[in-house]
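Beneath this line is the structure, given in C-alpha cells, with notes to follow.
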Amino acid sequence: MDYDVIVVGGGAAGLMATAMAARRGKRVLLLEKMDQAGRKLRITGKGRCNLTNTASLRDTLPHIGSSTAGSTKKPGQTGGIWLRNAYGRFFNRELMEWFEERGVALVEERGGRVFPASGKSIDIFLALIGELEASSNVTIRKNATVKSLETLEGQATGVVLDRGERIGCRHIVLATGGLSYPTTGSTGAGYRLAAEVGHSVVKPLPSLVALKCKEKIPEELIAFQLKNVQLTLCDSLSCAPAFRSGVGEMTFAPDGLAGPLVLSASRIATRPLHEGRTLKALIDLKPGLTADQLDRRLLADIDQNGSRIFNDALRLWLPAELIPLALPQLHIEYYKRLHQLTGEERRRLGRWLKGVEFTLTGTHDWNEAIVTQGGVSLSEVNPKTMESRLVHGLYIVGELLDLDADTGGYNLQIAFSTGHAAGEAV
Ligand SMILES: Cc1cc2nc3c(=O)[nH]c(=O)nc-3n(C[C@H](O)[C@H](O)[C@H](O)COP(=O)(O)OP(=O)(O)OC[C@H]3O[C@@H](n4cnc5c(N)ncnc54)[C@H](O)[C@@H]3O)c2cc1C
C-alpha cells in the first residue's frame with residue numbers, strides 16, 4: 001500500500017483533512033490538480049477570508065441548507081441538522097483556536113463574521129499549508145489530476161491520475177469542491193468520480209449568485225446600492241411567498257438584481273429558476289412602515305407639497321436613481337402637480353413603494369456563483385465520519401456534498417468541519 005490516505009483536492013476541506021490525518025500519524029498524499037493548492041481559499045471574503053461565524057450552533061443551523069431532503073423551501077434545518085455531529089466536535093471556537101494556535105490572530109466583525117486580523121486570506125492558507133509542509137507524514141503533489149477512483153469489493157483501494165499512474169491507498173478523501181469559480185480548480189470532477197462509484201448526485205446549481213430578471217434595468221440603476229429595503233420572493237403562479245429577507249442592501253446588475261439580499265434569496269430561487277419556473281421578486285422600499293402608515297405619510301407629504309410636479313416630487317419617497325424605473329410602472333402623468341393626484345393614484349404609488357416587482361428568469365453562471373447548491377446526496381454519507389455508506393474507506397467532504405449556506409463564514413466552516421471529521425476518522 002503506497003499511502004494510508006490519499007486526499008483528492010487541496011482546498012479548505014482537503015487541507016484540513018490532510019492536516020488532521022497526518023497529525024494522527026497517517027501517511028498522507030495530497031493530490032491537487034492546479035499548480036497551487038487553496039486557490040479559492042485565497043480569494044474568499046474579497047481576499048480577507050471570512051473563515052467562520054461566531055453564531056451559536058442553534059443560530060447557525062438555519063443558515064445551512066441541503067436539497068437532498070427537498071429543503072430548499074426552508075433553507076437550513078436538514079443541512080444544519082446533518083452537520084450537528086461534526087460541529088459538535090469541531091465548530092467555530094475550535095476552528096478559531098486551531099488558527100490562533102498557529103499564530104493567526106483573528107478579529108470578529110459585524111454579524112459575527114471572523115477574519116484574520118491582518119485582513120489577508122493568505123494567512124489562513126499559509127497556516128494550513130505550513131502545517132502540512134512541517135509534517136514528515138505528508139506528501140503534496142501539484143498538477144496532479146485524479147481521473148478515477150479504484151475500488152475492490154466495496155472498498156477504496158486507490159486512485160488513477162489523468163496520465164494513467166495508479167496510486168494505492170487504504171482511504172480516499174474526496175475534497176474536489178463544487179462547480180463555482182471553476183478557474184480556481186473546482187470544475188465539478190468530484191461529482192463524476194462519486195457517481196462512478198455509485199453515489200447519487202443532486203443536480204449542482206449556482207447559488208449565492210445574482211438573479212436575472214425580465215424587466216429592463218435603467219442604466220442609472222446599474223451598480224446603484226439600495227439600502228434599508230426588504231426582498232420577498234413569490235411563486236409567480238400561486239403568489240405564495242417563498243422567501244422574505246431581513247432589512248438590508250441590494251444592488252442592480254445590467255440584467256437583474258444583485259447584492260447581499262439577492263445572494264441570500266438566490267439559495268431559494270436557483271432550483272425553481274433552473275427548472276424553468278419564474279418567480280417574482282418584490283422590493284419593499286419602506287419596510288419600516290405598514291401600508292396604512294405609508295398611505296398616511298403620502299397624504300401628509302402631498303398636502304405639504306401640493307404644487308410640486310409629480311416627477312420631481314418622487315424624490316420625497318425614493319432615491320432619484322429609481323425614478324426612471326418608477327415612472328413607466330406607475331402610469332401617472334409625470335407633469336401632474338401633487339394636489340391633482342387622485343386617491344387611486346396615491347394608493348398605486350403606495351403599493352409600488354411597498355413592492356417594486358421584478359420577474360426573475362434565471363441566475364448568473366458558475367463564474368459568479370459563490371457556492372454550489374446540490375451535490376453528493378447526504379443520505380449516502382455518514383455524518384459522523386464523512387465516510388461513504390456505499391464504499392468503505394471513501395470519505396466525501398466540503399462543497400462537493402449536498403450542503404450550502406448563507407454568506408457570513410458558514411460555507412468555509414462546512415468545509416473545515418467536514419474535512420476535520422474525515423481526517424479524524426480515516
Ligand atoms: C469568490 C468567493 C468568495 C468566497 N468567500 C467566502 C467567505 O469569505 N467565507 C465562506 O465561508 N465561504 C466563502 N466562499 C465559499 C468557500 O470558498 C467554499 O465553500 C470552500 O472554499 C469550499 O472548499 P472545498 O475545499 O470544498 O473546495 P475548493 O476550495 O473548491 O477546493 C477543491 C480543490 O480540489 C481541486 N480539484 C478539483 N478536482 C480535482 C481532481 N480531479 N484532482 C485533484 N484535485 C482536484 C481543485 O483544484 C481545488 O483546489 C467563497 C467562494 C468564492 C467563489
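The values are calculated or read from the model by the stated rules, or taken from the named source; none is laboratory data. Here the structure is a predicted model, which means the values were calculated and not measured. Please note: Cβ atoms are built from the backbone with ideal geometry, for glycine as well, and neighbour counts cover all protein chains shown. Remember, those area values only see protein heavy atoms, side chains included, never the ligands or the DNA or RNA. Shrake-Rupley method; radii C 1.70, N 1.55, O 1.52, S 1.80 Å.
Structure summary
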{"read-out": "Alpha-carbon Rg with Dmax, taken over the chain, Å", "value": "24.9, 87"}
{"read-out": "Radius 12 Å from Cβ of Ala175, net charge of other residues (Lys, Arg +1; Asp, Glu -1)", "value": "0"}
{"read-out": "Total charge dipole magnitude, segment 291-354, about the Cα centre, Cβ charges on Lys, Arg, Asp, Glu only, Debye to nearest 20", "value": "80"}
{"read-out": "Semi-axis lengths (Å, descending) of the ellipsoid that matches the C-alpha gyration tensor of segment 296-426", "value": "57, 14, 12"}
{"read-out": "Phi to ³J(HN,Hα) by Karplus 6.51 cos²θ - 1.76 cosθ + 1.60 over segment 395-403, Hz, x for Gly, Pro", "value": "10, 10, 9, x, 5, 5, 6, 6, 9"}
{"read-out": "Helix 291-304 axis, angle to the chain major axis (alpha carbon atoms, nearest 10°)", "value": "40"}
{"read-out": "Additional length obtainable on full extension of the chain from Arg89 to Asp292, 0.36 nm per residue less Cα span", "value": "68.1 nm"}
{"read-out": "J(HN,Hα) series, segment 37-49, from Karplus relation 6.51 cos²θ - 1.76 cosθ + 1.60, nearest Hz, glycine and proline x", "value": "7, x, 4, 5, 3, 6, 9, 5, x, 6, x, 10, 6"}
{"read-out": "Rounded to whole Hz, the Karplus (6.51, -1.76, 1.60) HN-Hα couplings of segment 305-313, x for glycine and proline", "value": "10, x, 8, 6, 7, 3, 3, 7, 5"}
{"read-out": "Three-way shape label, segment 235-385, alpha-carbon gyration tensor, a/c 1.5", "value": "prolate"}
{"read-out": "Under 5 Å, built H, 5+ apart or other chain: amide partners of Ser148", "value": "Val160"}
{"read-out": "Helix-only CD estimate at 222 nm, as mean residue ellipticity for the chain, using -39500 (n - 2.57) per DSSP H run (n ≥ 4)", "value": "-9500 deg cm²/dmol"}
{"read-out": "Amide H within-cut-off set for Ser121, under 5 Å, with H built and near neighbours excluded", "value": "Arg48, Cys49"}
{"read-out": "Volume per residue of the C-alpha convex hull in segment 30-72, rounded to whole Å³", "value": "157"}
{"read-out": "Exceeding the 29 Å Cα-Cα cut-off - candidates Lys203/Lys280; Lys40/Lys384; Lys212/Lys354; Lys120/Lys212", "value": "Lys120/Lys212"}
{"read-out": "Between 0 and 90°, nearest 10: helix 343-354 axis offset from the chain longest Cα axis", "value": "20"}
{"read-out": "C-alpha center-to-center spacing [segment 141-158, segment 375-426] in angstrom", "value": "18"}
{"read-out": "Distance in nm between pseudo-label sites at Val107 and Ser200 (7 Å out along the Cβ direction from Cα)", "value": "4.7"}
{"read-out": "Solvent exposure of the chain as accessible area per residue, Å², 1.4 Å probe", "value": "42"}
{"read-out": "Residues of type lysines that Lys33 reaches as a straight line, Cα spacing below 23 Å, ignoring anything fewer than 8 places off in the same chain", "value": "Lys142, Lys147"}
{"read-out": "Charged-residue dipole, Cβ positions (Lys, Arg, Asp, Glu), the chain about Cα centre, Debye nearest 20", "value": "380"}
{"read-out": "Distant-in-sequence amide H partners of Phe243 (H built 1.01 Å from N, under 5 Å)", "value": "Leu233"}
{"read-out": "Net charge over other residues, Cβ less than 13 angstrom from the Cβ of Arg27 (K, R count +1; D, E count -1)", "value": "+2"}
{"read-out": "Convex hull (Cα only) mean projected area of segment 291-354, reported in nm² to one decimal", "value": "3.7"}
{"read-out": "Between helix 410-425 and the chain: long-axis angle, C-alpha atoms, 0 to 90°, nearest 10", "value": "20"}
{"read-out": "Sites Ser236 and Asp365 - FRET efficiency at Förster radius 22 Å, r taken between beta-carbons, to 0.05", "value": "0.45"}
{"read-out": "Sequence-distant aspartates and glutamates (8 or more away, or on other chains) whose Cα lies within less than 16 Å of Lys214", "value": "Asp235, Asp255, Glu357"}
